[in-house]
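Student: Attaching a single structure in structure tokens format; questions to follow.
Each reported figure results from applying straightforward, stated rules to the coordinates on display, with no laboratory input. No experiment lies behind these values; they were computed from the predicted model shown. Cβ placement follows ideal geometry from the backbone for every residue including glycine, while neighbour counts extend to all protein chains displayed.
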2 protein chains.
Amino acid sequence: MSLFGRRPRPVHVPKLKPRRPSADQAVNRVSLAELTPDLPRYLGQAAYLQLSNVETISGAIASSPTTRDKVALTRVAKVSLGKLQGLLDEIERGGDTPEELMEYFAAPIDAFRAATRGADWYETVVTSYITASMLTDFFISLADGLPAAPRERIQAVLSDDPSPIIVKQLSAAIEAEPVLASRLALWGRRLVGDTLLVARSSLSVPGRVAPDEARLEPVFTELIAAHTRRMDALGLTA
Amino acid sequence: MSLFGRRPRPVHVPKLKPRRPSADQAVNRVSLAELTPDLPRYLGQAAYLQLSNVETISGAIASSPTTRDKVALTRVAKVSLGKLQGLLDEIERGGDTPEELMEYFAAPIDAFRAATRGADWYETVVTSYITASMLTDFFISLADGLPAAPRERIQAVLSDDPSPIIVKQLSAAIEAEPVLASRLALWGRRLVGDTLLVARSSLSVPGRVAPDEARLEPVFTELIAAHTRRMDALGLTA
């Protein structure tokens, strides 16, 4: 089933710049706005990524070493499910069926999840923290190129952030077992490449000229800087 | 860690009858109100059962045959996580720590979940439908013996019911593959015994005289009648 066989592909029209370009993210946001896929494609991919994150967290709940960890992760799962629900609602608002828009992205994202699953509970929790945060940043920026009404709803939905719960959990785990630090630092570094590739693939829209790599560089630099801050929050070297 | 070493066990005082005893459930409700454990024990067990259901649904999301099924089950998971959150909030409102009240029930409920996991996606979805519905009915009745304020909040939280989503999913699956019907009917029947044992164990409060079996009979008869209606909704023989 091809997502794009179902409707005429909209002609790519350069988007207006966002209203408030004052923050230091402005450069990246302007670049991404011009590369945003159309709304159904954006939503299908964002929703499948969120579903994938739900699955990663679900797996971590099941393998949690303690009831306390299970309970903490159910709170993380609730946030992720809330985001997924918001995206599904947005798809239905547009008259589309979620699974039809999502299916197109199932195979590559399932492969991404399999490759980033992690060897144990600690690595899986790091995966959810690092990959979901990075991709959420990316999709919030990418939404800049969407029409105003869905953009505002989508950016609001995606802004809910369960990171503090995970940081608290992982920090406690690393403090209790300092030998974890180097392994998880390595794992975090390993995740960046795969995650950036997924982000990068969102910009390759069939029928559209590939984006200029030089233009993308500041976007990815910013994503990596945010990643470094996240690893810092765990006391790990990025 | 013993849940009951931490506080004096309240003396068992017969509860007043519920306000509106007109429904045909009144007999059962009165019986159960007299058997209700104290609030922390009730909440710890209800929350761990809900967590267990979240894990069962999570496993089913991962093993879903299609994206459509995954999406539908995330909606079920969201309802279950909402109930869990409500119970956790109620525990914290009472000044307790969720994992401490829940831990006491981890081993028996984990064993229950392992025994009812099912051989494949279809059986696992039936498990979530049948066991969670039955135990929810039971815990809503059991809450009758709790003080009014938490009782009303808890019964409201537990009343959210994702069954229509599951019934739609399973009915479609059985229609598409009629050979499933006899296997799932058998599995549903198999689940009743284990689930009733879990319900039964909630009434065995340490230090309290075991409840009179004759008095419990109408309660379990009603649970089984509701179970039969649920299997009917799938077109299966209970």
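Student: Looking at segment B:196-216, can you tell me whether even one residue there is part of a helix (DSSP H, G or I), of a type in the set (A, V, I, L, M) and farther than 23 Å from B:Tyr42 by Cβ?
Tutor: yes
Student: Further question on the same structure: Would you check if there is a residue in segment B:186-193 being without any contact (Cβ under 8 Å) to a residue 40 or more places away in the chain, exposed (fewer than 15 other Cβ atoms within 10 Å of the Cβ) and more than 26 Å from B:Tyr48 (Cβ to Cβ)?
Tutor: yes
Student: Counting only residues that are aliphatic (A, V, I, L, M) and crowded, with 23+ Cβ neighbours inside 10 Å, which one in segment A:92-112 is nearest to A:Ala47 (Cα to Cα)?
Tutor: Only one residue fits best here, namely A:Met102.
Student: A further question follows. Identify the single condition in (1) more than 7 Å from every other protein chain (Cβ to nearest Cβ); (2) closer than 27 Å to A:Ile165 by Cα; (3) not charged (D, E, K, R) that A:Thr67 does not satisfy, given that it satisfies every other one.
Tutor: (1)
Student: Would you mind finding the one in A:Leu84, A:Leu49 that is at the interface with another protein chain (Cβ under 10 Å from one of its Cβ atoms), surrounded by 19 or more Cβ atoms within 10 Å (Cβ to Cβ) and assigned to a helix (DSSP H, G or I)?
Tutor: Just a single option satisfies the conditions, and that option is A:Leu84.
Student: Every residue in segment B:152-183 that is of a type outside the set (Gly, Ala, Ser), free of Cβ contacts under 8 Å to residues at least 12 places away in the same chain and over 18 Å from B:Thr131 (Cβ atoms), please.
Tutor: Those that are of a type outside the set (Gly, Ala, Ser), free of Cβ contacts under 8 Å to residues at least 12 places away in the same chain and over 18 Å from B:Thr131 (Cβ atoms): B:Glu152, B:Glu175, B:Glu177, B:Pro178, B:Val179.
Student: For segment A:95-187, which fully contained helices (runs of 4 or more DSSP H) count at least 3 residues that are over 20 Å from the mean Cα position of the chain (by Cα) and on the phi > 0 side of the Ramachandran plot?
Tutor: none
Student: Which of the residues that make up segment A:61-81 are within 22 Å of B:Pro108 (Cβ to Cβ) and in a helix (DSSP H, G or I)?
Tutor: A:Ile61, A:Ala62, A:Thr67, A:Arg68, A:Asp69, A:Lys70, A:Val71, A:Leu73, A:Thr74
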